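The values are calculated or read from the model by the stated rules, or taken from the named source; none is laboratory data. This is a predicted model, so every value here is computed, not measured. As a convention, Cβ positions derive from the backbone with ideal geometry for all residues, glycine included, and neighbour counts pool all protein chains shown. Protein only, heavy atoms only, side chains kept; ligands, DNA and RNA dropped before computing areas. Shrake-Rupley method; radii C 1.70, N 1.55, O 1.52, S 1.80 Å.
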Amino acid sequence: MRTLLCLTVSMAALGAGLVAGGAGPANDDARLAWWREARFGLFIHWGPVALKGTEIGWSRGAQVPVAEYDQLYRRFNPTNFDATAWARLAREAGCRYLILTAKHHDGFALWDSAVSDYDIAATPFRRDVVKELGEACRREGVVFGTYYSILDWWHPDYPTGSPGGRTRKPNPNMARYVQYLHAQVTELIRDHGPLGVMWFDGEWEAPWTEEMGRELYALCRRLQPSIIVNNRVAKARRGMEGASAADRFAGDYDTPEQRVGRYQDDRPWESCITLCRQWAWKPNDRMKSLEQCLRTLALCAGGDGNLLLNVGPMPDGRIEPRQAARLREIGAWLRTHGEAVYGTRGGPWKPGPWGASTRRDRRVYLHLFQPDQPVRLPRLPRRIVSARTLPGKPVTLRQEDDSLRIEVPAGARETPITVVVLELDGSAMDLPAVETGPPNLARGCAAKASNVFQGMVTTYGPAKAVDGRENTRWATDAGTRQAWLELDLGQPRTIGAVTIQEAYPGRVQRFRIERETAGGWETILEGGRLGERFHRSFDPVKARRVRLSIQDATEGPTIAEFALHPPGH
Ligand code: H79
């Protein structure tokens, strides 16, 4: 019922476009409103590969020989599959939508596809899993969507046959493959819809072009104007970080994978993260704790994104009881704390080790991860009229000069997250997001660099590494192995810690941080890999000019942020 209503409303509002706000989270296309409000979805990775317990995305031709893998469907007979049980579990988990892998990279279709015999109809099971699950979800009030991998290692017309294109088909025909892909996507949307979301993947391989992506997006919207399509439909995604390049066609939302996305309130995003370690079912796979799950959800919501939490059902059609139990625990927490998640926007405080914040109207919800420690956050330009935990217990609040100190009395603390509701004297929605990290002495300082990607200084210049924005970066030319970034703090400052964020984590292999002294450059610290977020404190030193010297990189280094902190941070 809710699904139908949402889809009708969205269709009426089509074409509203993006309304950029002056401050605070941007309001986008009304078509995405239900999805933003939902905040939490269930991802399901399933197929004949569950019989082997290996990974759906990359075990074909690796852990399982191709000849064996491609015959697994002949004995795929999940007689315990119960669509209603899955849809109900999603609802009990508090998931407002569900995405099923209709077709993964291995090419197998979980529905009865008219254009392929490598599908569920060819298994002993024969029942159309996509159809049954879609119908069950609609009955249970969970919005249904499908995952579809653009690449296809099984299909003879698709050029590559394994990850990284290591094996190639003898007689590929990409134009004909695109027709096949369009036919399958049409079957999903037209015959198994309406769908809330079309979740594409596998777009990174060379045969797929931006033009093909635009056409595919247009096809989806033509078949169902209200449908939401992720950024993997085209070529905009930047690595597993999942954000979209600004100059590329990027679908409707960004898709960080196996990580929480960065705070981003001007474009929708959704982190897809596995409950266990594999996407597809694996016996005795390590499962995340309830604490990890709830904190991940809070960090996503607090960063203004969604969480798509994945389970891989077993080959007999059941979701593992321990995984189902974990999902129900999440749902139980959401029944008492959902007010702080559903229908909120992230911020105004950006997430940090202390926790995260979400907002709706005049309220701000603090999701505190260490409620036994007082939290100090930068003050907001609003008066706080009341502060209580979500069950309504009083919280001690002190508004100091430039910070706000929040302390939860022992009797009011909850694990793994204590939610505090702050009531403001005005709207929380127009407040720009505030950093909660340590003070950054390098922010906005003068910077120069040994090299800038294709000389594009305004887009990728050194200033981008010190602008306080994690979604901009200093980039170097392809093939750069050594580079330096030099900062001038304007006057000698005492520094005691550094944070470095690589935009493409893993490229930097060896680096030094140096300061200029009367006698020349002196090393403050040396390190190996940087990664997504490198933080290190060191014996305080005074410095005006500081240099990041990269001695060894596998590819042109790209630095999203280079921050210097006072001692004690
Ligand atoms: O379905 C799950 C995985 O099976 C699938 N995506 C999730 C949702 C997946 N397939 N492959 N991968 C994940 C890993 C691929 C990583 C890479 Fe890349 C592809 C590394 C280089 C090319 C991603 C795309 C990072 C850069 C481009």
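Hey, can you find the accessible area per residue of region 407-554 for me, probe 1.4 Å, expressed in square angstrom?
47 Å²
Using Cα-Cα distances under 8 Å and only pairs 6 or more residues apart, what relative contact order does region 115-197 have, in percent?
Once divided by the residue count of region 115-197, the mean separation gives 28 percent.
Would you calculate, for the chain, the mean residue ellipticity at 222 nm contributed by helices, counting each DSSP H stretch of 4 or more residues as -39,500 (n - 2.57) and dividing by all residues, to the nearest 500?
Calculated at 222 nm, the ellipticity per residue is -6000 deg cm²/dmol.
Which one, GLY57, TRP35, ASN80, is farthest towards the positive end of the dipole of region 29-100 when Lys and Arg carry +1 and Asp and Glu -1 on their Cβ?
TRP35
Taking a ≥ b ≥ c as the square roots of the eigenvalues of the Cα gyration tensor of region 347-424, is the shape rounded (a/c under 1.5), prolate (a/b larger than b/c) or oblate?
rounded
Would you mind telling me the antiparallel percentage of the DSSP bridges in region 221-342, rounded to 5?
So the antiparallel bridges amount to about 10 percent of the total.
State the antiparallel share, in %, of DSSP beta bridges confined to region 37-179, rounding to the nearest 5.
Percentage antiparallel, nearest 5: 15.
Nearest 20 debye, what's the magnitude of the dipole of the chain about its Cα centre given +1 on Lys and Arg Cβ and -1 on Asp and Glu Cβ?
I would put it at about 820 debye.
Using Cα centres only, tell me the gap between region 297-347 and region 178-217 in whole Å.
27 Å
Please sort 365-377, 490-502, 345-357 by packing, taking for each peptide the average over its residues of neighbouring beta carbons within 10 angstrom, highest first.
345-357, 365-377, 490-502
If the only charges are +1 at each Lys and Arg Cβ and -1 at each Asp and Glu Cβ, what is the size of the charge dipole of region 2-339 around the Cα centre, to the nearest 20 debye?
Using Cβ point charges on Lys, Arg, Asp and Glu, region 2-339 gives about 520 debye.
Nearest 0.05, what FRET efficiency do ARG383 and THR517 give at R0 = 56 Å with Cβ-Cβ as r?
Plugging the Cβ-Cβ distance into 1/(1 + (r/R0)^6) gives 0.70.
Each label point is 7 Å from the Cα along the Cα-to-Cβ direction; what then is the distance between the points at ARG248 and ALA332, in nm?
A separation of 4.3 nm, rounded to one decimal place.
Dipole size in debye (nearest 20) for region 209-355 around its Cα centre, Lys and Arg Cβ +1, Asp and Glu Cβ -1?
300 debye
Can you work out the FRET efficiency for the pair ARG322 and ARG533, with r the C-beta to C-beta distance and R0 = 35 Å, to the nearest 0.05?
0.65
So for each of 333-343, 130-140 I average, over its residues, the number of other beta carbons within 10 Å; can you give me the resulting order with the highest mean first?
Highest to lowest by the protection proxy: 130-140, 333-343.
Please tell me the relative contact order of region 194-321 in percent, rounded to the nearest whole number, where contacts are Cα pairs under 8 Å and at least six residues apart.
It comes to 18 percent, rounded to a whole number.
Using packing as a proxy for protection, rank 400-409, 64-73, 44-53, 219-228 so that the peptide with the highest average count of other Cβ atoms within 10 Å comes first.
For the peptides 400-409, 64-73, 44-53, 219-228, the packing ranking is 44-53, 219-228, 64-73, 400-409.
Report relative contact order for the chain in percent, whole number only (criteria: Cα-Cα under 8 Å, sequence separation at least 6).
Relative CO of the chain lands at 11 percent.
Under the rule a/c < 1.5 gives rounded, and otherwise a/b versus b/c splits prolate from oblate, where does region 134-277 land using the Cα gyration tensor?
Cα axes put region 134-277 in the oblate bin.
Among rounded, prolate and oblate, which fits the chain when a ≥ b ≥ c are the square roots of the eigenvalues of its C-alpha gyration tensor, a/c under 1.5 means rounded, and a/b larger than b/c means prolate?
Verdict is oblate for the chain.
Please find the FRET efficiency linking GLU339 to ARG75, where r is the Cβ-Cβ separation and R0 is fixed at 41 Å, and quote it to the nearest 0.05.
Here the calculated transfer efficiency is 0.30.
Express in nm, to one decimal, how much length is gained between VAL66 and ALA410 on full extension, taking 0.36 nm for each residue of separation and deducting their alpha carbon distance.
This chain segment gains 118.0 nm when fully extended.
What pairs in LYS103/LYS282; LYS103/LYS169; LYS235/LYS282; LYS282/LYS350; LYS103/LYS235 have C-alpha atoms more than 25 Å from each other?
LYS235/LYS282; LYS282/LYS350
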